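Please treat every number below as a calculation from the coordinates, not as lab data. These figures come from a predicted structure and were not determined experimentally. Virtual Cβ from ideal backbone geometry, glycine too; neighbours counted across all protein chains shown.
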Amino acid sequence: MIHPNGADTMETILKPTPWDKRNFHVNTYELTTITDEALEQTNAIEGHFTLKVDPYENTEKLSKYGFYYVDTLIEPVCKKENLHLFKTEGISLSRDYDRKKIIQIAEKAFTNGRFHRDFNIPNFMADRRYMNWVHDLIEKDLILALHYEEELAGFYAYENDKVLLLGIEEKFRSRGLTKSFTSHGVQEQFRVSNHDELITSISPANLPSLNLFISIGFKLKNTVDVYHKLNGSLPVGV
């Protein structure tokens, strides 16, 4: 149902996500509520929809409206005073880096996101979403380059109070560097953001990342289940 002020009402219920639209070439939305009115709207217009719900929510009606489960996101938080800083000789952080190398690291680091798990989204589109996201973060100066002995080893991305992405070059993995890189990235984010608490989101399928953040002082706080829906179809060959 669309009220007389339809556009405003619909955009309140269905929040457009243009950063996803540019990758999938269809209208994309995130639902802000699980009401019948909101779910009915997803039948009325074509596009791709994301809905995040409490794990204890009765999801029977989600299936009725064509939504399918794609992932669970655990949301650990860290208070500034609880950060455990790991120190390793030879590591450093910098905002001066080769953009192309950051993108090359990102191309290999993110292959298991929720859009990769969505059977309606081709992997190349899910990959492109991450690449465009990293480009945006570079333009906003929200990337910290991670160096080991003056060689680019990875990057740490953030925005406001959110830890967004952590990418480590393959040859630097499993060398005991990740805790130091991440904890120093968190320390720098606390410094520049003026927040006393930071939050991130991690799929429980990504146990190494979850264990990493717990080890540096993050504590589990909240969990949401993520559902998707595609009403219509994605363009072919784009």
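Quick check: net charge around residue 203, other residues with Cβ under 14 Å of its Cβ, Lys/Arg +1 and Asp/Glu -1? Please report the intermediate quantities before stating the final value.
Working: positive: 52, 114, 117; negative: 71, 75, 118, 225.
My count for the surroundings of residue 203 gives -1.
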Other-chain or far-sequence residues with amide H under 5 Å of residue 153's (modelled H): 146, 147, 148
Report the Cα-based extents of the stretch 1-140 along its three principal axes, largest first, to the nearest Å. 61, 35, 31
Between the stretch 161-238 and the stretch 21-44, the Cα center-to-center distance that results, in Å: 25 Å
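Please compute the length gained on full extension between residue 171 and residue 112, using 0.36 nm multiplied by the number of residues separating them and subtracting their Cα-Cα distance.
Numbers: separation 59, 0.36 × 59 = 21.24 nm, distance 1.94 nm.
Working it through step by step, the gained length comes to 19.3 nm.
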Each residue of the stretch 229-234 in order: what ³J(HN,Hα) in whole Hz does its phi give by Karplus 6.51 cos²θ - 1.76 cosθ + 1.60, θ = phi - 60°, with x for Gly and Pro? 8, 10, 9, x, 8, 7
Roughly what angle does helix 178-193 make with the longest principal axis of the chain, taking Cα atoms, 0 to 90 degrees, to the nearest 10? 70 degrees
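Could you put 133, 19 in order, starting from the residue whose Cβ has the fewest other Cβ atoms within 10 Å?
Numbers: 133 19, 19 12.
With the fewest neighbours first, 133, 19 line up as 19, 133.
Rounded to the nearest 5, what % of the DSSP beta bridges within the chain are antiparallel ones?
On the way: 39 of 43 bridges.
Taking every DSSP beta bridge with both residues in the chain, the antiparallel ones total about 90 percent.
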Using the Karplus equation 6.51 cos²θ - 1.76 cosθ + 1.60 (θ = phi - 60°), what ³J(HN,Hα) coupling, rounded to whole Hz, does each residue of the stretch 32-44 give in order, writing x for Gly and Pro? 9, 8, 10, 5, 4, 4, 5, 5, 5, 4, 6, 8, 8
Rel. contact order, % - alpha carbon contacts under 8 angstrom, at least six apart, the chain: 33 percent
Footprinting proxy, 103, 143: sorted fewest to most Cβ within 10 Å, the residues are 103, 143
J(HN,Hα) series, the stretch 135-140, from Karplus relation 6.51 cos²θ - 1.76 cosθ + 1.60, nearest Hz, glycine and proline x: 4, 4, 5, 5, 4, 8
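Taking 0.36 nm per residue of separation and subtracting the Cα-Cα distance, what length does fully extending residue 150 through residue 60 add?
My answer for the length gained is 27.0 nm.
So what is the relative contact order for the stretch 113-176, in percent, with contacts set as C-alpha pairs under 8 Å and at least six apart?
Details: 53 pairs, mean separation 10.7, N = 64.
Worked out over the stretch 113-176, it gives 17 percent.
Which net charge results when you count Lys and Arg as +1 and Asp and Glu as -1 among the other residues whose beta-carbon is under 12 Å from that of residue 164? Could you put the intermediate results ahead of the total?
Working: positive: 140, 162; negative: 136, 159, 161.
Once positives and negatives cancel, what remains is -1.
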Could you state the angle between the C-alpha long axis of helix 99-109 and the longest principal axis of the C-alpha atoms of the chain, as a value from 0 to 90 degrees rounded to the nearest 10? 70 degrees
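Which ordering of 197, 81 is given by a fewest-first count of other beta-carbon atoms within 10 Å? Display every interim value, and only then the final one.
Numbers: 197 13, 81 8.
So the residues, fewest neighbours to most, are 81, 197.
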